[in-house]
Amino acid sequence: MDLLYYENFKNCGYFVPTYKRQGIYFNVNIEDINVQANYESINDGIVKITRLGNNFKKTYWLHIYAVYTYFKEKKVPIKRIVLETSNASYEVLPSDIILREKWIKKDFNDLKNVPKTHGPHCKFCKIKKTCHLEFLNNGDISVVPNFNQNLIKELKSMQLDPVLIVKSNQIDKMDRKFRKPLYNLKSLLEDKIIAVEPFNFPEDYIVFDVESYMRKDFLFGFLENDNYTPFFLGNNESKSVEKMISYLSNKDKPLLHYDKSDILALKKIANKYPKYKTIINNKIANSLDLYEVINENYTLPVVSYSLKDISKYFGYKWKTELNGFAVILEYRLYLKGDKRSLERIFKYNEEDCRATKLIVNRLDSLEKLE
C-alpha cells in the first residue's frame, strides 16, 4: 500500500497506482500491513518529505509515522521530520508522533478490511479493467461507460434486464437514451468493436495535445505525420506563442485532438493574445474531437473511454506511467529545479499525440475493411 495514495486505498483496498511518485521509497510493516512510503532526503537526523496539498492534512500523519518507524527500525536517530506542502513547511518532532501513535495505528488498522469498490479512484489504478469486468460478470452494469444510476433505475422500474436486451438484439427498439449505453454493454460482453454510425476521418490532419498545471496551459504538442513539434509556454510565453501561431499559420490541415480541454486551451490563448484570434478561431472551426467521434459513433470493449484505455485496447505500448494528475506533480518538481521532470512531461505529451493517431488509424482501417 503506497501511502501517497491513502485516499484511494481508503475507498478500495485493492487499489494499485499507475504512477509512482518521485522520492526515495521504502517498505515497512505497520499493524500487519505492508506499507510503502517515501522521503526526499535525510541529513544530520532531519528527514524531509513532501506532499501535494496546500495545507497540512490529518492523513499526512500516517506518512510521517511510516517514515519515523522505518528509521527507528533501521536504528537511525531522527531529530525531526520536515513536511513540505505546496505553500508551507511543518516541523514534526518524535514526541509529536508518539503523542498521536494510538490513533495513527487505529487508522492503519481500519485499512485492513476495505472492500473492492469502483469509483473515481479507478482512473489511476493499474488493475481497473480486470476489476470492472469482474464487477460486470457479477451483474454490476454501473461499470459500463454511460450507464449511470438513473438509467439503471429507469430500466429496473420497467422490469427490463439490460443483458437480456443485448442478447436478444433489441437495442435499436429502445428509447434513444438507452442505445449507446446498451451498445457499450454489448461491446464488453462480446469483446468487439461496434460501429453504430460509421465515420469518415480526414485523409490528412495534425494531432495536438495540451498539458496543464493548475490554470496554466504550458505545453502544446503537435504531431504531423510522424513529426512531433512541442511549444513550451514557460518564462518567455509570448515568444513561444508567436512561434506556435507561425507554425499553425503554415498548416492547411484540420487539428485533431482528444476531449474538449485542448480546444479550451487554444481559446484561452486567443483571448490573451487578441491579434491571433482570427487564426486560432479558424483552426478551432476546422478541428475534430476524437472523443466526441468515438462517443457518438463507436462502442468499444473498454471500461472507460479515456485515451489511455482505448489506445491500450488497440495495442499502443505506453513508455511512460504519467497521467494527467502525475503531470501536475512532475511540473511542480520542474518548478523546483528538476529539468528531468519537464523532459518526462514532453515525452508523455508526445505519447498522447501518438496514441491518438494510432486510434484514428485503427478506426479508419476498420471502416475501410467494412
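Of everything in segment 238-269 that is out of contact with any strand residue (DSSP E or B) (no Cβ under 9 Å at 6 or more places or on another chain) and in contact (Cβ under 8 Å) with a residue 12 or more places away in the chain, the residue that is nearest to V210 (Cα to Cα) is K267. Residues of segment 354-363 that are modelled with pLDDT of 95 or more and either among the polar types (S, T, N, Q) or under 15 Å from the mean Cα position of the chain (by Cα) (or both): A355, T356.
Note on segment 186-268: enclosed strands (runs of 3 or more DSSP E) holding 1 or more residues that are among the β-branched types (V, I, T) are 206-213, 227-232. Scanning segment 24-43 for residues that are of a type in the set (S, T, N, Q) and either part of a loop (DSSP other than H, G, I, E, B) or open to solvent by 20 Å² or more (accessible area, probe 1.4 Å) (or both) turns up N27, N29, N34, Q36, S41, N43. Every test in (1) over 18 Å from L223 (Cβ atoms); (2) assigned to a loop (DSSP other than H, G, I, E, B) is passed by T320 save one, and that test is (1). Scan segment 67-86 and tell me whether some residue there is in contact (Cβ under 8 Å) with a residue 60 or more places away in the chain, in a helix (DSSP H, G or I) and open to solvent by less than 20 Å² (accessible area, probe 1.4 Å). Scanning segment 67-86 turns up no residue that is in contact (Cβ under 8 Å) with a residue 60 or more places away in the chain, in a helix (DSSP H, G or I) and open to solvent by less than 20 Å² (accessible area, probe 1.4 Å).
Y276 passes every criterion in (1) surrounded by fewer than 18 Cβ atoms within 10 Å (Cβ to Cβ); (2) over 30 Å from K20 (Cα atoms); (3) without any contact (Cβ under 8 Å) to a residue 60 or more places away in the chain apart from (1).
Among the residues of segment 135-185 satisfying the criterion of being assigned to a loop (DSSP other than H, G, I, E, B) and among the aliphatic types (A, V, I, L, M), which is farthest from P301 (Cα to Cα)? Taking the candidates together, the pick is M158. Within segment 224-260, being surrounded by 14 or more Cβ atoms within 10 Å (Cβ to Cβ), touching an Asp or Glu at 6+ places or on another chain (Cβ under 9 Å) and not charged (D, E, K, R) holds for Y228, P230, L233, P254, L255, L256, H257, Y258.
Here E197 passes the criteria (1) surrounded by fewer than 13 Cβ atoms within 10 Å (Cβ to Cβ); (2) among the acidic types (D, E); (3) without any contact (Cβ under 8 Å) to a residue 60 or more places away in the chain except the one numbered (3). All but one of (1) without any contact (Cβ under 8 Å) to a residue 60 or more places away in the chain; (2) assigned to a helix (DSSP H, G or I) hold for K105; state the number of the condition that does not hold. Of everything listed in (1) without any contact (Cβ under 8 Å) to a residue 60 or more places away in the chain; (2) assigned to a helix (DSSP H, G or I), K105 misses just condition (1).
The set of residues in segment 244-260 being modelled with pLDDT of 95 or more, closer than 20 Å to I345 by Cα and not hydrophobic (A, V, I, L, M, F, W, C) consists of H257, Y258.
The values are calculated or read from the model by the stated rules, or taken from the named source; none is laboratory data. Worth saying up front: this structure is predicted, and the values here are computed from it rather than measured. Note that we place each Cβ from the backbone using ideal geometry, even for glycine, and neighbour counts take in every protein chain shown. Calculation scope for accessible area: heavy atoms of the full protein, side chains included, ligands and nucleic acids excluded. Shrake-Rupley method; radii C 1.70, N 1.55, O 1.52, S 1.80 Å.
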